[in-house]
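Below: the structure, in structure tokens.
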Amino acid sequence: MQKNTSKNSQKGEKIFIIFCLLLVISTFIAQFIMIDSAYNQKASKTLRLEGSKVISNQNIKSVGFIDSRKNTLEIMIITPYIPSLPKVNLFQNGELVNDFTYPNVKLKVKPGDKITIDNTSYDLNIKFELLASADLKLKNNTINVQKGMQKTIRVY
């Protein structure tokens, strides 16, 4: 009886070891197959759902320019050595909308809006650069706001 159980346990151990070896070998083979991107695209459900890497073709022309900055006006401080001006207020049509805590401010504007930069809190002459989106027009791209003054611009 003892011999039968030891033979059965030895057979079971051999079968278990062979099974583990086959499992390891098949895992390595599957990993090497997955290196090939064509097989990977066919086998991967994620790639089928989300898409795969786009290989750009230089012969394909884009369908048109998409401007995501529509109706935007960016105002930047260009006076040297001034990283921020938190007391310079920015008004849009008479309402306070922002300040210059950061050197760049972006606004959503419409043609006809009046933008006022209020520099009454500082004794500095400050120069600003204005970048309007393609659908907007400005008379000047740079403005100087004198110390203690306000400057109003109109968007066309």
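Label positions at residue 114 and residue 27, each projected 7 Å from the Cα along the C-beta direction, are separated by 7.4 nm. Computed packing ranks the peptides 19-30, 104-115 as 104-115, 19-30, most packed first, by mean other Cβ atoms within 10 Å.
Please give the FRET efficiency for residue 124 paired with residue 97, using the beta carbon to beta carbon distance and R0 = 25 Å, rounded to the nearest 0.05. Could the numbers behind the result be given before it?
Working: r = 22 Å, r/R0 = 0.86.
Computed FRET efficiency for residue 124 and residue 97 comes out at 0.70.
Coordinate-derived values only; no laboratory data. Note that the structure is a prediction, hence the values are computed from the model and not measured. We place every Cβ from the backbone using ideal geometry, glycine too, and count neighbours over all the protein chains shown.
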